[in-house]
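Report on one structure; see the data block that follows.
Coordinate-derived values only; no laboratory data. None of the values given here were measured: they were computed from a predicted structure. Neighbour counts run over all protein chains shown; Cβ positions are idealised from the backbone, glycine included.
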Amino acid sequence: NELKQYDKLHKKVTENIYKKICIIGGGHVGLNLGKVLSKKCNVQIVDIDPKKVKLINDLDNKNISAVASISEVNKFEVAIICLPTNMDESASTFDTKIIEKSIAEIGTKNSSALIVLKSTVNIGFTETLSTRNEIIYSPEFIREKSAFEDALEPDRIVVGCKVVSPKTYKYASTI
């Protein structure tokens, strides 16, 4: 019976992958992931660096664009956070303020969007958040010198969440 439910869910989800994705952070993880996802989705990358925004907008790819703020993003179904997290040596934890701020902004813009964390965070971080958005953790395993190839053909994909829902399953089908 569970197998039939799984097969039914799998068929429904694979026919309907996410089409509108917002990536927060246009560094080597966000940009390369965006380029890969733009092969089958519309991707908007948010980055505060005007040079990166121009570089992305100058790409010869109609499915990818960049803006400087989450408030400028058009409709999106998934927000993927690819932001740096520096180690706070005094507290022996990662500084996640920028991620927390982005999650709040995403929730304000679209409270039903799935949020995917690619950034390195402390164990239990997602449990401390107060948001209506569903959040999953899916760390990136890419090397700087081969980031595009690693994003295109990852040797592993890890997705962590409290409950496997249709949204998380749909995300797994999208990537």
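Laid out as a table, the results:
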item	result
Links that overshoot a 21 Å alpha carbon limit, given the list K4/K167; K54/K101; K118/K167; K20/K97	K54/K101; K20/K97
In nm, spacing of pseudo-spin labels at N57 and E127 (7 Å Cα→C-beta vector)	4.3 nm
Region 41-146 - Rg over Rh from alpha carbon coordinates, Kirkwood radius	0.97
Burial order of peptide ranges 74-87, 116-129 (average beta-carbon count within 10 Å, highest first)	74-87, 116-129
Peptides 24-30, 59-65 ordered by average Cβ neighbours within 10 Å, highest first	24-30, 59-65
Rounded if a/c under 1.5, otherwise prolate or oblate - region 36-75, Cα gyration tensor axes	oblate
Under 15 Å from the Cα of K19 - aspartates and glutamates, other chains or at least 8 residues apart	E77
N74 versus T120: modelled label distance in nm, points set 7 Å from Cα along the beta carbon direction	3.6 nm
